[in-house]
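Step one of this worksheet: look at the structure below.
Where a number appears in this text, it was derived from the coordinates with a stated rule and is not lab data. All values derive from a computational prediction rather than experimental measurement. Note: ideal-geometry Cβ built from the backbone for every residue, glycine included; neighbour counts use all protein chains shown.
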Amino acid sequence: MEEAESKKKKAEFRLYNAMSKTVEVFEPIVPGKVGMYVCGVTAYDLSHIGHARAAVVFDVLFRYLLHLDYEVTYVRNFTDIDDKIIKRANDLGEDPLSLSNRFCEEYVADMKNLGCLPPTHQPRVTEHMENIKNMITQIMENGCAYAVDGDVNFAVDKSPNYGQLSGRKLEDNRAGERIAVDLRKQNPADFALWKAAKEGEPSWDSPWGPGRPGWHIECSAMSAHYLSFKFDIHGGGSDLIFPHHENELAQSSAASSDSKVNFWVHNGHVTNNQLKMSKSLGNFFTIRQTLQDCEVCLSPFQERLAKSGKKPVQIPGEAQACLTKLQEEFNDKLSDDLNTSQLVTGRKFNEALKYITLNLKPLKIWQKQKQMSPLVHSIAAVGREVESVLRILGLLPTCSYDEVLQQLRERALVRAGLKAEDVVRLIEERTTARKNEKFGISDKIRADLAAKGIALMDEGKETVWKPCVPVVQGKWVGFVGWVRASVDSWVAFKWIYRFIGWFRRVTGLVDHSTSMKKQP
């Protein structure tokens, strides 16, 4: 009965729908299956942390839908031919398609480093020219587009519901941000479905002459190809609501009367000095740069929710209460429009961590006495639930604590411009200075290393070093918010690594069998 109630509660997933401007209960079009299309990047440079936010938001949504036992088809595209790509390629003297291919591959590498699951499909515009041309033909046959001098424009006047997603009135709309006003247009707000070829630019043959697609048609064509005209979730950054998603909605509806997206879902921007972070403004930090500066090492989570414990065990009342509260918190927060921030900072999650830490010491005493503690199963149960929460959020690396620490050590040495033997020598000099009561010298050595990201820690009679965030006169250096958050996260990762690894080695009782039925 309790299990049935739990599944029922998980199934009631509430998600904000930009079309209705309300939080709605999510119901897929086909029971048990979800189709999700997310607008990807234009591949002309390394991606920045604004792109990272979008990727992580929809990765968590993807994971949570899998956790709810949906069969998810997740499509995220690459725009690999575009005005910006052509301009960058010309500036670099490089072939546009070679340049975009290179940055598509770089993006995939960045997503792996962020720990994001790969989507089911990652199509590129250049792979779907026939789909795009066929959709344009459909729109023209339905009387909603017109050709002029090799271009094909969508006629917004033919779309009676144009503006329903963004809330803009047609008379207030201007041409899309990427499109110069063209006097050949029937309405200034008409937008390009196909652009006539220009000298020196890549082009493809079409019924209207050689050219390439406009910005918006690509996503309509690819989403219809992989998911049909009717699917569950269309996602992207909030800056895409207009004109991109509004135009997608209009042209898809013009191509097929069956076109329908149940939920339009958008993530917010990452801002820098109160301005949206973007390449065009030049106020961005790349994903790669930020991960290196913050010394974050994340591995992709390759498993579904871990299911452990093949044999029933008795869990003490205190642990069971803690476990129940955490499970309720997990379901309540994630089912409420993916409220991840309140989940990981909430009282129930921290109570679970506190329960484990308070009981580790007595458990170690039992271990030394070579006896089986009654705390073993209770700590394991709570620990597994904490681990599961972190897995669903993509926050639990798969490599060992020692491996991660070694990677961080190597990065710290490179950043500091030192070798391991240099640090050992400085530790010895500091130890000698302390023995001779030359504390000014010892403090300076410690401070100098801290400024370079090397933290010295005295553990009994021994001094060891570990990587840290560079500190100068007590001030954090670099991207303060990101760095400090990363340090806090790393402390949590370190504790979880140590606990889970130690517990598995000591007891040998934790059996983590993994369901992979819906791994993408």
Neighbours by Cβ (under 7 Å, 6+ apart or cross-chain): first from the stretch 16-42, without any contact (Cβ under 8 Å) to a residue 40 or more places away in the chain; second in a strand (DSSP E or B): Val25/Arg14; Gly32/Glu71
Residues that are closer than 22 Å to Pro28 by Cα and more than 23 Å from the chain's Cα centre (by Cα), drawn from the stretch 221-245: Ala221, Ala224, His225, Ser228, Phe229, Lys230
Matching option when the condition is under 20 Å from the mean Cα position of the chain (by Cα) and either assigned to a helix (DSSP H, G or I) or surrounded by fewer than 22 Cβ atoms within 10 Å (Cβ to Cβ) (or both), among Gly40, Gly50, Gly35: Gly50
Residue check for Ile217: within 27 Å of Asp149 (Cβ to Cβ), β-branched (Val, Ile, Thr) and touching a residue at least 40 places away in the same chain (Cβ under 8 Å): yes
Extreme residue, farthest from Arg212 (Cα to Cα), among residues of the stretch 72-101 that are in a strand (DSSP E or B) and among the aliphatic types (A, V, I, L, M): Val72
Residue match in the stretch 455-462 (condition: at positive phi and either part of a helix (DSSP H, G or I) or loosely packed, with under 12 Cβ neighbours inside 10 Å (or both)): yes
Residue match in the stretch 84-99 (condition: in contact (Cβ under 8 Å) with a residue 24 or more places away in the chain and acidic (Asp, Glu)): no
